[in-house]
1. Starting from the Cα-Cα distance between M135 and K438, subtract it from 0.36 nm times their residue separation and give me the gain in nm to one decimal.
2. Could you list the residues of the stretch 352-373 with an amide nitrogen less than 16 Å from a label point located 7 Å from the Cα of R333 in the Cα-to-C-beta direction?
3. Give me the accessible area per residue for the stretch 180-250, probe 1.4 Å, as a whole number in Å².
4. Please work out the Cα center distance from the stretch 235-251 to the stretch 386-415, rounded to the nearest Å.
5. Under 5 Å between amide hydrogens, which residues at least 5 positions from K305 or on another chain qualify, with H placed 1.01 Å from N in the peptide plane?
6. Under a point spin-label approximation (7 Å from Cα along Cα-to-Cβ), what is the T192-Q56 distance to one decimal in nm?
7. Can you pick out the pairs among K224/K347; K38/K438; K128/K305; K170/K438; K38/K305; K38/K293 whose Cα atoms lie more than 25 Å from each other?
8. Once you have the Cα-Cα distance between N234 and A392, take 0.36 nm times their residue separation minus that, and quote the gain in nm to one decimal.
Amino acid sequence: LSPQREDCKSPMISYGPCQTPTLAFCVGRWDAIQRFNKEVSFTIDAEILPNAGGGQAIRLLWESPESSADGKGGTKGDGGCGSGGCKGWKFGKGASNAEDSWWEGGGQGQGDSEVRGWEGRGRRGSQKDVVDHMMASVLAGTDHAVVTDRWSEDRWVERPLALNTVGMLKAASRELAMEPHYCMQVAEKLYTAGILTYPRTETTQYPASMDLSWAVSEHATHPKWGNWCQRLMNGEMQVPVQGHDVGDHPPITPVYCAQEDQLCHKAGRDGPRLYELVVRYFLASLSPDVHYKHHEVNFTISSLKFALRGNEVVNPGFSRICRGTSQHDPALREDNLLVGSGLALAKSARPGAWHPLAGPLAQRQLESSPPQLLTEADLLDLMERHGIGTDASMPQHIHNVIARGYVEVLEPGRFIRPTLLGAALCHGLRQVDVELVK
């Protein structure tokens with residue numbers, strides 16, 4: 001449909017069985033952000049010194065009664081790391097869930113968390129009063145924390161699968177800020193020049209006939225990643241993770257070690273950037289897993305329970321050559337890594353040991369944050385999961401909703417925000433028949 005206007009600048013209003021659900025994902029996340037209700041919680045901050053002689057203060061995480069009751073209090077084997085494992089005690093109406101299934105008919109306000117806390121237990125009083133009461137219960141003169149137990153566990157982040165089309169598009173959007181449609185154009189130029197393998201594939205399993213050792217040795221003299229290739233050739237090369245062979249084309253890999261001027265000549269200024277990304281993911285898929293150790297130390301300060309938890313990277317493995325893919329694992333985020341005095345204490349703490357407080361306990365108010373807008377990589381992931389389009393058509397569907405003015409891309413981060421036209425179109429179609437946006 002194209003409404004007529006005197007200025008001849010009428011936007012085209014279109015519907016498509018793949019384009020419209022693509023738009024619906026973006027609008028659904030935007031609606032969840034608009035429905036978001038801020039949730040207030042309170043926590044207790046405590047800082048300790050590693051020893052009586054002083055040193056850098058270490059912040060502990062309060063184990064609230066609520067987090068202990070719902071299993072999030074940091075028991076052995078839980079997945080919590082860093083500050084993510086200990087939450088404040090929540091009161092009041094919670095946030096609306098940021099459901100990505102809005103287009104499936106999620107109602108306005110559905111998913112609101114129930115009212116929890118002191119009043120939920122049949123008593124009156126605000127949460128702040130409860131936390132104040134708990135802090136007041138700390139015995140006068142308490143100036144130390146006591147270690148109750150400590151444990152550590154070896155864990156690993158698995159190396160990436162061989163790169164298929166959707167994997168390449170998501171990585172290029174996240175790490176190169178490259179729009180999927182444009183990324184495919186660059187990849188196709190590199191393919192026609194004989195530099196990359198065919199870039200349209202759903203397969204993530206290298207063929208048995210592929211000589212992976214030879215492919216790595218081709219890059220052994222490259223100034224950027226040649227040293228890593230030599231390490232792989234000298235015994236660090238791993239068997240690729242078992243992927244999925246759908247019978248179309250092999251995963252995307254470099255055909256040979258190309259020079260930067262050649263890449264620029266064949267595919268423009270972004271040719272070297274995309275080529276390097278493909279090479280690094282290829283080498284990462286043959287590199288050792290990231291090995292890290294999860295540490296947790298539990299403390300008591302009078303009647304209150306606190307914890308120190310986080311991760312220590314033992315062997316960075318594939319993240320040395322392909323940092324981008326490892327950054328998406330929560331375990332390796334900076335706020336979940338222990339360093340300095342915190343790491344030293346996590347490795348040396350002994351049950352029964354006392355550690356002096358660096359200062360008095362303090363109450364702090366926390367506020368929940370709304371969900372983020374979808375990124376292009378998020379959108380590609382949703383489209384793949386729900387079967388919207390094919391590896392060949394997904395970039396075009398995203399390009400269409402951008403080019404037709406239904407969404408706009410925000411930098412940095414390639415976040416997608418619906419325009420007034422896009423939101424109105426999606427809401428209107430849903431009012432007519434929800435099947436139109438599914």
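The values are calculated or read from the model by the stated rules, or taken from the named source; none is laboratory data. This one's a predicted model, so the numbers in the text were calculated from it and none came from an experiment. Cβ atoms come from the backbone with ideal geometry, glycine included; neighbour counts cover every protein chain shown. Ligands, DNA and RNA are excluded from the accessible area calculation, which covers all protein heavy atoms including side chains. Shrake-Rupley method; radii C 1.70, N 1.55, O 1.52, S 1.80 Å.
1. So the extension gain works out to 104.0 nm.
2. Under 16 Å, as judged by backbone N against the label point of R333, lie 367-373 of the stretch 352-373.
3. Ligands and nucleic acids excluded, the result is 55 Å² per residue.
4. 28 Å
5. E63
6. Taking the two extended label points, one gets 5.4 nm.
7. K224/K347; K38/K438; K38/K305; K38/K293
8. Working: separation 158, 0.36 × 158 = 56.88 nm, distance 3.78 nm.
Using 0.36 nm per residue and subtracting the Cα-Cα distance, I get 53.1 nm.
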